[in-house]
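The values are calculated or read from the model by the stated rules, or taken from the named source; none is laboratory data. The structure displayed is predicted, hence computed values, not measured ones. Every residue, glycine as well, gets a Cβ built from its backbone with ideal geometry; the counts of neighbours run over all protein chains shown. Note: accessible area is taken over every heavy atom of the protein model, side chains too, but ligands, DNA and RNA are not part of it. Shrake-Rupley method; radii C 1.70, N 1.55, O 1.52, S 1.80 Å.
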Amino acid sequence: MNTDTKDLHNTNETVEETGNYICAAGESRTLQSGQPFPECPRTYEPTTWRHAEHLHPTGDKVTEAGQYVDEDGQEMSFGIGQVFPDCPKTGQDTLWKHV
């Protein structure tokens, strides 16, 4: 299982790349370069953020809850702490993207 978290950004860190980000609770926001990552818009607590275009390979740990789609278009819902599975259609390794 890959536990690499270099693509996670914490509340109050500076946004380096303008774009759409998703917090650990699955809430998405458009953030601008230079501004700080905010608290979770749902819980108002410090959280982690990940760029919405980030891909998660099979075996990665889920760090933000929500709906994901794999390379074959299979859509699934995952919670924090689950592990991204193989493609449900082919049984092979795949990449998952937040919907």
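So I have (1) 39, 29, 20; (2) 41, 23, 21; (3) 62, 34, 25, and one of them is Cα extents along the principal axes in Å calculated from this model. Which one is it?
Matching the structure shown: (2).
Let me check I've understood the local charge: for A25, count other residues with C-beta under 15 angstrom from its C-beta, Lys and Arg +1, Asp and Glu -1. What total comes out?
-1
Heavy atoms only, 1.4 Å probe, whole protein assembly: order L55, L8, L95, L31 by accessible area, highest first. Before the final figure, lay out the partial values.
Working: L55 80, L8 30, L95 60, L31 10 Å².
Greatest to least solvent exposure: L55, L95, L8, L31.
In the stretch 10-99, which GluC sites (Glu not before Pro) fall in coil by DSSP and have 16 or fewer other Cβ atoms within 10 Å?
The qualifying sites are E13, E16, E17, E39, E53, E71.
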